Each structure stands twice: as structure tokens, then as C-alpha cells.
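Each reported figure results from applying straightforward, stated rules to the coordinates on display, with no laboratory input. Values in this document were obtained by computation on a predicted structure and should not be read as measured data. Virtual Cβ from ideal backbone geometry, glycine too; neighbours counted across all protein chains shown.
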Amino acid sequence: MKMYSISELSEILKLHPKTILRFIHEGKIAARKIGRSWMVSENELKLYCHGEPEETEQINEEPQYETLGERISVSAVIEIKEQNSEEASRLSNSLLAMLNGEKGASGNVRFDSFYYPEVQKAKYVFYGSPEFIGRIMEMFSVISKPKEESYEKQSL
């Protein structure tokens with residue numbers, strides 16, 4: 001069985017000898033102390049190398065743009081100062097009703113709501129496609145405008 005010294009491993013792995021010693025002490029590389037020197041078997045070196053991701057594979061990997069839309073998930077957190085939990089609950093129920101109509105069209109969507117009475121804040125958290133989150137942001141943009149401004153836009 002082939003055994004490697006710290007200096008040999010340093011050349012093979014292109015790491016500083018102190019880094020290799022630290023990896024041995026942390027248990028990342030299994031080694032045996034023979035006399036005053038640490039030695040690593042060929043099998044242990046292979047185990048260490050196969051456990052590390054190869055950077056060249058990740059860098060040279062072709063991007064999968066055609067499936068990007070299926071893999072993207074976006075989240076949004078909206079905090080609103082609410083007077084009480086009933087007000088937060090009403091808005092939460094309205095949002096849930098809207099989401100129930102969205103599920104089929106937007107894929108996987110999720111909504112969580114929290115109310116913090118000590119600071120009188122409600123937090124609404126949305127997860128879904130970029131298009132879905134865009135519609136949520138637009139909805140909050142519309143409902144956050146003063147009533148007069150909203151009515152003016154609707155009449156135009």
C-alpha cells in the first residue's frame with residue numbers, strides 16, 4: 001500500500017503543508033502518524049479527492065437556459081403596520097382567496113402570514129414564479145395608493 005508524506009500531498013493537491021495538517025486534524029483527511037511524520041494512504045487520498053467537488057466540471061458545465069423558467073422560484077416579504085390582528089386576518093384571508101385562484105396558472109405558489117402584536121406588524125411572505133411575484137407586487141402597489149388616485153386611474 002502506497003503512503004504519502006505531507007510534502008508529497010502538498011505537491012499532489014497543490015495545497016500548503018499547513019493546510020494539509022489542518023485537514024488531518026479536522027478529520028477531512030484520514031492519516032496515521034508514523035514516527036514523527038503524518039502519512040496518508042493512497043486509499044485515503046482517493047477518498048478525500050472524490051469527496052471534493054471538481055471545480056473544472058462546474059466551470060465548464062453548459063448552462064441549461066431552456067429549463068431555467070422551471071427552476072426559478074422567487075420570494076417576496078411584505079410588512080404592513082396593522083392596527084390589530086383582525087385587520088391582518090382580513091387581509092390574509094383576501095390574499096388566500098386570490099391565491100386559490102392563482103395556483104393552477106402560476107405553478108407552485110405559497111403564502112405565509114404572521115402577525116406580531118408587540119409591534120403591530122403583519123408580515124406576508126409569498127413564494128412562486130417571477131410572473132406570480134410580479135402580479136403580487138403590482139396588486140400591493142395598487143392597494144397601497146390613496147383611494148382618489150386609484151379611482152382616477154380606473155376612470156382613465
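What full-extension length gain, to one decimal in nm, is calculated for A97 and L15 as 0.36 nm per residue of separation minus the Cα-Cα distance?
Answer, rounded to one decimal: 23.8 nm.
Run the simple label-point estimate for I34 and E118 please: 7 Å along Cα→C-beta, distance reported in nm.
Each label point lies 7 Å from its Cα, and together they span 6.1 nm.
Multiply the residue gap between V125 and R22 by 0.36 nm, knock off their C-alpha separation, and tell me the result in nm, one decimal place.
32.8 nm
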